[in-house]
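J.: After the structure tokens below, expect a handful of questions from me.
Read-outs throughout are calculated quantities, based only on the coordinates presented, and are distinct from any laboratory measurement. None of these values were measured; they are calculated from a predicted model. Glycine gets a Cβ as well: all are built from the backbone with ideal geometry, and neighbour counts include every protein chain shown.
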């Protein structure tokens, strides 16, 4: 069966510091991969999605970037975090039935 | 991003009642529609999806889709306290992008 993992689960970072969140999917090949962010009490905002290695589509201009160095690996990065980057970051993958499933999420607090 | 609108709630229903959750979307080209449940501090879990106009039933859950009115709803029959959560509506476009509403918080009172 397919599983999705993301890490770290929780992190507290100072303003201006870099960020790297990683997500991997097991049990499938060439999945669509997604990064969403959920601010406190808000809905999910689509940040990036990828249909294949090296193919990244950005939905919202911001100081975040994404990369897909391997088929089942998706990385969210920032060179300098802002306070507004705080939130719950969710990686997701899409199965052959065009349904997306989420990882456990990463809580980011920028201080 | 494309708009997906939900009433934030909270929606309070007594145990055993029917909970009705609603969602509207702005893009007529939307092709797939989903309901997720999210417990506080956790990631969303898929409840069900619907692609065609009409009703789709899965256990105590029924999804209803009306593309002409750009409206999708979720009915939860025999609501249980364990159903208390935030329910997120999601809309898929081009089968690659999925946009979410801000969610409706449901409280089921024992």
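J.: How long are the three semi-axes of the equivalent ellipsoid for chain B, computed from the Cα gyration tensor as the root of 5 times each eigenvalue, in whole Å, largest first?
T.: The three semi-axes for chain B are 23, 15, 12 Å.
J.: OK, next. When the Kirkwood hydrodynamic radius is evaluated over all pairs of different C-alpha atoms of the range A:1-62, what value in angstrom, to one decimal, is obtained?
T.: Over the range A:1-62, the inverse of the mean reciprocal pair distance is 13.7 Å.
J.: Then there's this: Mind jotting down a quarter of the surface of the convex hull over the alpha carbons of chain A, in square nanometres, one decimal?
T.: 6.4
J.: Residue by residue through A:44-54, how many Cβ atoms from other chains fall within 10 Å of the Cβ on average?
T.: Across the residues of A:44-54, the mean count of other-chain Cβ atoms within 10 Å is 3.
J.: Going by how many other beta carbons lie within 10 Å of each one, how would you line up A:29, A:78, fewest first?
T.: The most exposed by this proxy come first: A:29, A:78.
J.: Here's another thing I want to ask about it. Determine, from the Cβ-Cβ distance of residue B:69 and residue B:17 and an R0 of 22 Å, the FRET efficiency 1/(1 + (r/R0)^6), rounded to the nearest 0.05.
T.: 0.30
J.: Within 10 Å of each Cβ of B:98-110, how many other protein chain Cβ atoms are there on average?
T.: 3
J.: How many times 2.2 N^0.38 Å is the alpha carbon radius of gyration of the protein assembly as shown?
T.: 1.02
J.: Out of all DSSP beta bridges in chain A, what portion is antiparallel? Express it as a percent rounded to 5.
T.: If I count the DSSP bridges inside chain A, around 90 percent turn out antiparallel.
J.: Hey, got the average number of other protein chain Cβ atoms within 10 angstrom for residues in B:42-48?
T.: The mean count of partner-chain Cβ atoms within 10 Å per residue comes to 5.
J.: Quick check: pseudo-label points 7 Å beyond the Cα along Cα→Cβ at residue B:28 and residue B:60, how many nm apart are they?
T.: That separation, rounded to one decimal, is 3.8 nm.
J.: Compute the projected area of the convex hull of the Cα atoms of the range B:36-78, averaged over all viewing directions, and report it in nm² to one decimal place.
T.: That works out to 3.6 nm².
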